[in-house]
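What follows is a single structure, written as structure tokens, with notes after it.
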Amino acid sequence: MTNLNWQPSEYHWVEDVRQLLLELARSCLGDVPKLPMHLAQKVRPTAEKATQLLDSARDRGLAESQWSQVQELAWTADVRTLFLELAQVYLSDLPQLPDNLSARSLSLSGRAQQLLEHPTAKDFHPQAAPPGSGKEPTGSDSASEDLPQPGQLLSQLKQSLRQHRHHSSKGDAAEWQQLLNLLDLAESLYQRLKE
């Protein structure tokens, strides 16, 4: 299979979209889901960037049938689908957001976090230089090298909660979604502290 060959700039975009997805999910938590103007204005550019990345992969020899085997491309294709749907809603005379928009946004946000922590590109290591940090590891970090990264722990906790929710007799309770939303917010705040 041809190498994906994503550069750090692509992963910066993934982080930007992850933050956008979290905002989108939060805006849909009310009784009447809405798409705020500042988010609506980012819908089309996000879909276009996703299309460019997918076209670039196609040009490198990665056929659409192979995208599901590369986490970055599978995620990008799903992001493009969601944002194209939102663009159609935004242009509609009677805009109505999808019922499952919050859940889809949170799912894509979680996948983005996993993608940033375990990228396919061999030459990019977000643990060594998180997107936007411009920092290299220093000797003072050596004492904490054996400890798991907080971002990884939050992600593992979220995965564990999703599994418990799936097997719970109260899996459709609103509290599960609220708990997952709080974890997304914790991840978002932690990322800001790292920058």
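Comparing Cα centroids, region 47-102 and region 161-184 end up 26 angstrom apart.
With the simple spin-label model, which puts each label point 7 Å out from Cα in the Cβ direction, the SER65 to SER169 separation comes to 4.7 nm. Taking 37 °C and 0.692 mPa s as conditions, region 148-195 diffuses translationally at an estimated 288 µm²/s according to Stokes-Einstein applied to its Kirkwood radius (Cα pairs). The protection proxy used here, the mean number of other Cβ atoms lying within 10 Å of each residue, ranks peptides 70-83, 5-18 as follows, highest first: 70-83, 5-18.
Shown for region 52-122 is the translational diffusion coefficient from the Stokes-Einstein equation, using the Kirkwood radius over Cα pairs, a temperature of 10 °C and a viscosity of 1.306 mPa s: 117 µm²/s. Once both labels are positioned 7 Å from their Cα atoms along Cα-to-Cβ, the gap between GLN149 and LEU189 label points is 2.1 nm. Here, P(r) means the percent of Cα pairs in each 10 Å bin from 0 to the largest distance; for region 1-62 it is 19, 41, 25, 13, 2.
Could you tell me the calculated FRET efficiency between LEU179 and ASN5, based on Cβ-Cβ distance and R0 = 30 angstrom, to the nearest 0.05? The partial results should precede the final answer.
Details: r = 38 Å, r/R0 = 1.26.
Efficiency computed from Cβ-Cβ geometry: 0.20.
Only the coordinates and a few stated rules stand behind these numbers; no lab work does. These numbers were taken from a predicted model, which means no experiment stands behind them. A quick note on method: Cβ atoms are made from the backbone with ideal geometry, for glycine too, and the neighbour counts reach across all protein chains shown.
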